[in-house]
1. Rounded to the nearest 0.05, what FRET efficiency do residue 297 and residue 81 have when you use their Cβ-Cβ distance and R0 = 22 Å?
2. If you rank 151, 217, 258 by how much accessible surface each has, with a 1.4 Å probe, what is the order from largest down?
3. Please give the solvent-accessible surface of residue 240 in Å², to the nearest 10, using a probe radius of 1.4 Å with every protein chain present.
4. Taking all protein chains in place and a 1.4 Å probe, what share, in percent, of the accessible surface of segment 129-231 do carbon and sulfur account for?
5. What net charge is computed for the residues neighbouring residue 187, neighbours being all others with C-beta under 13 Å from the C-beta of residue 187, Lys and Arg scored +1, Asp and Glu -1?
6. At 7 Å along Cα-to-Cβ for each site, give me the label-to-label distance between residue 47 and residue 183 in nm.
7. Could you tell me the center-to-center distance, by alpha carbons, between segment 205-284 and segment 118-140 in angstrom?
8. At a Förster distance of 45 Å, what's the computed FRET efficiency of residue 144 paired with residue 278, Cβ-Cβ distance as r, to 0.05?
Amino acid sequence: MASPLHTVSSMTSMQNRSADATPSGQQAGSPAVPADRRPAIAIELSRAAVTFGQGAGALPALSETTLRIADGEFVALVGPSGCGKSTILRLASGLVQPTAGAVIVGGREVAAKALRVGMAFQNPTMLPWMTIEQNVMLPLKIVEPFRSQFRSQRKSAFRDKAHALLEQVGLKGFAGRYPWQLSGGMLQRANLCRALIHEPRVLLLDEPFGALDQFTREELWSILQDLWLAHRPTVLLVTHDLREAGFLASRICVMSARPGRVIDDSAVPFARPRSIAMTFEPDFVALNQRLRDLIVEARTMPMTEAGA
């Protein structure tokens, strides 16, 4: 029987998937999945490119990139610094508009209509004058349909919802504390609760654990895995940590140096739930080494070739 690593290594590398690629990494030549049984596409970049500035000062950040992420998938973006990972994340959120191509989120162009999206960044940015409970419930005060119900339910159903999430991440009893009373790891747990409380269809994570120590990061990987298994949002994670990508993601996309594009898109074959101990096993270590080799190659690739 082929090992999981052999399965990963033998998968076809997809260099900037064509627009007619099938969702969720289905490979050419594999049996066709009936249209009514395919998962819906949650995020789609269709030949999307981004250039900042104009004229002589123009800075290409992202080459034409096509990427499809199915509803409920967990996809990680890895690659050299400055390769456009966070640009893709901001395209999906609507914070950045494509210079060329289109970005479709939830079946509509991202700029056309607001979609319920949760976001978490490296710094939790909790409001210091609010309690943890109030910070976690903040999206319910802003996002419909919760906004119109907030005054009537903030002390009942919504508060119960916040407390249930806090308990899930190990923060039971901390709802009444203030951000300055919690450690960095505890704040990031609360930040995940805030990102999920309004039941987003899409969760965008930009190096959410990058500022934490190794042991806290590993603890939060397990917590995020549990939250994803319980709620199944579509997740797009930007990370420099290859172990983190392999532990959390269903698929890992490797990007070239700036101007970035996807040069490899492969499924992660390990069953869930995954354990930290598993990340030290030979197959997992070999997967990380394969990703590292791809990134090293991407860093040394001439810019003209990377952006071709």
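1. Calculated transfer efficiency: 0.90.
2. So, going from the largest accessible area down, we get 151, 258, 217.
3. Probe radius 1.4 Å; accessible area of residue 240 about 90 Å².
4. Carbon and sulfur: 50 percent of the exposed surface of segment 129-231.
5. +3
6. The two pseudo-label positions are separated by 5.1 nm.
7. About 23 Å separates the Cα centre of segment 205-284 from the one of segment 118-140.
8. Plugging the Cβ-Cβ distance into 1/(1 + (r/R0)^6) gives 0.65.
The values are calculated or read from the model by the stated rules, or taken from the named source; none is laboratory data. Please read these numbers as outputs of a predicted model, since none were measured by experiment. A quick note on method: Cβ atoms are made from the backbone with ideal geometry, for glycine too, and the neighbour counts reach across all protein chains shown. To get the accessible areas, we keep the full protein, side chains included, count just its heavy atoms, and leave off ligands, DNA and RNA. Shrake-Rupley method; radii C 1.70, N 1.55, O 1.52, S 1.80 Å.
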